[in-house]
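The numbers here are math on the coordinates, done by the rules we state, and not lab data. Keep in mind the model is a prediction, meaning the values are calculated, not measured. Because the Cβ atoms are built from the backbone with ideal geometry, glycine has one as well, and the counts that use them run over all protein chains shown.
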Amino acid sequence: MTFAALIAVWRKFWFEPQDASPVALYRILYGILILQIAVVHLGENFSQWYGPNAVMTLSAVIKHFWLNEPRFDMLLLLPQTEGAFAAFHLVFVMVAVALTVGFCSRYSVLFVWLTLLSMHHHDPFNINGGDAFLRAVGPWLALSHCGDKFSVDSLIRRKKGLPEPGPSAPWAQRMIQVQLAIVYWQTFCCKIGGTQWLDGSAIYYATRLDDMFRFPAPIISNNIYLLKALNWFTLVIEFAGWTVIWFKESCYYVLIGLFCLHLGIDYMINLPVFEWAFIFTLVTFIRPEDLNYVLHRVKKLSLKSVRNAGAIT
Amino acid sequence: MALTNFIRKPQVKEGGLSLIFVVFLFFTISWLAPESTLRTNTIEPVKQFYLFWGLDQNWKLFSPEIRKINFHTEAILTFADGNRLIVEMPRMNRLNYWDRFRLEKFRKWSVDSLPWPDYKEFWPDFARYIGRKYNNNNNQPQSLSLNLYYIEIPTLDLNHPHPLVPVTEMPPHTKINTVFFYRYQPADFKSGAL
């Protein structure tokens, strides 16, 4: 390989123009998760976590978590009243809706990311890895062309007679992919640094954490051979998640493996947001032409069924 | 004008962005590296910037070890007349599916943070919060104790003919440890008390 060839690979990876469909679909899925957090998990408890009479006082957070250093926190700008925090929560929900439907997409993502950042700094003790991941990819999504497709923004453009945006440099989408690979890299390295994952007992203990039980699966959780097989499967697929996922020939196999891993965990272990934050991000690895083909087929099938339903009635 | 035109050149734009990617990935991967003097020194120049913008990250998901105990926390409020009130944090295995889903933030906080030493600086806040919530001006809370109830998960014994204990036969949390005790002051019951 020559140095020039290496540069060509680098440029192709980050800058070769590509259709925005995968990142636009990811914007919708990201928005759904944000709405889930804002409405279901925070809901009426927003003020209890972040308001003026919250479980943790701001002075204690600044002293013991921020260590008296500056942190970004928009909530500090609000009047310290219950009403102001309720209004902010409402704005957060409205912007999350805007993000999902793709209205002022980039600004919506930016606002949502800054809100996540503020909430995580205001109370860092109620977030799981899924929340942290959404925060980590937020700035890259805001910098991407996530509003170019499947969005109110694109409808407005069409209505105004403006041309459809063509393929664009996907560097922000690539950064989201790299961020996901970094997650698998670190978690894999940490797992093989312990003993449970190497002796095959990790899934046994994971399925017995009673604060995380979701749906029962005794066929798996009470079978030592299956527990061990899943232990090794987890290690193999997480290794693939930052290595062979980058190769065209193996990418989709890895995506299917990771999808099964996260879906399996989500079935047995109750960690809302966590698994779906990773599952949804796998979408960014789907090649635009494949995604557009699938979406075209889905559209065609749904139109056909609507027509059939119309004919019956 | 000349500078703007220079920046707009594709090669310059790509070069600038590439530099940002390399720098960002270098510091992010360094941030995630195992604890060492080299790591500490490497991330020092960007540490405050990363913390300010929430770029710090950690993905030790279910690793390196999965905990081998099950537990839950309870706060016991003792009122002036001697009566006691048990305030149990939401216990996921006793809730229906929807509430388990809905109350994830309470699970995360009450299981992974509240009873552990990393949270100890916030225990007085917690005590005052609970005190205000259950305050009765005619019979005010006098003290709060935060208790951790726990039990070890039976060990997986691969040499035994029945190596594992079924999920449905996990032992109850019968061991107890009082992790924090707080005696209330009159000022604690005012809204927004610090």
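The table that follows gives values for the structure above.
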item: Likely footprinting exposure, A:23, B:22, A:178, A:254, fewest C-beta neighbours within 10 Å first; result: B:22, A:178, A:254, A:23
item: Gaussian network model of chain B, springs between alpha carbon atoms under 10 Å - residue of B:143, B:30, B:18 with greatest fluctuation; result: B:18
item: Nitroxide proxy distance, nm - points 7 Å out along Cα→Cβ at residue B:150 and residue A:64; result: 1.8
item: Cleavage-rule hits (trypsin sites (Lys or Arg not before Pro)) in segment A:87-175: DSSP loop, at most 14 neighbouring Cβ within 10 angstrom; result: A:160
item: Globularity index of segment B:53-108, i.e. its alpha-carbon radius of gyration over 2.2 N^0.38 Å; result: 1.66
item: For segment A:137-151, 3J(HN,Hα) per residue [Karplus equation, 6.51 cos²θ - 1.76 cosθ + 1.60, θ = phi - 60°, Hz, x = Gly/Pro]; result: 8, x, x, 6, 5, 5, 8, 8, 8, 5, x, 5, 9, 6, 9
item: R0 of 41 Å, Cβ-Cβ distance residue A:157-residue B:5: FRET efficiency to nearest 0.05; result: 0.90
item: Pairwise FRET efficiency - residue B:58 versus residue B:22, Cβ, R0 = 25 Å, nearest 0.05; result: 0.70
item: Separation of the residue A:107 and residue A:253 label points, Cα + 7 Å toward Cβ, nm; result: 4.7
item: Loop-located chymotrypsin sites (Phe, Trp or Tyr not before Pro) in segment B:93-167, at most 16 other Cβ atoms within 10 Å (DSSP); result: B:134
item: For residue B:180, distant residues with modelled amide H under 5 Å away; result: B:146
item: Spin-label zone in segment A:35-49 - amide nitrogen under 17 Å from a point set 7 Å from the Cα of residue A:86 along the C-beta vector; result: A:39, A:42-49
item: Binned Cα-Cα distance frequencies in the protein assembly as shown - 20 Å width, integer %; result: 19, 51, 26, 4, 0
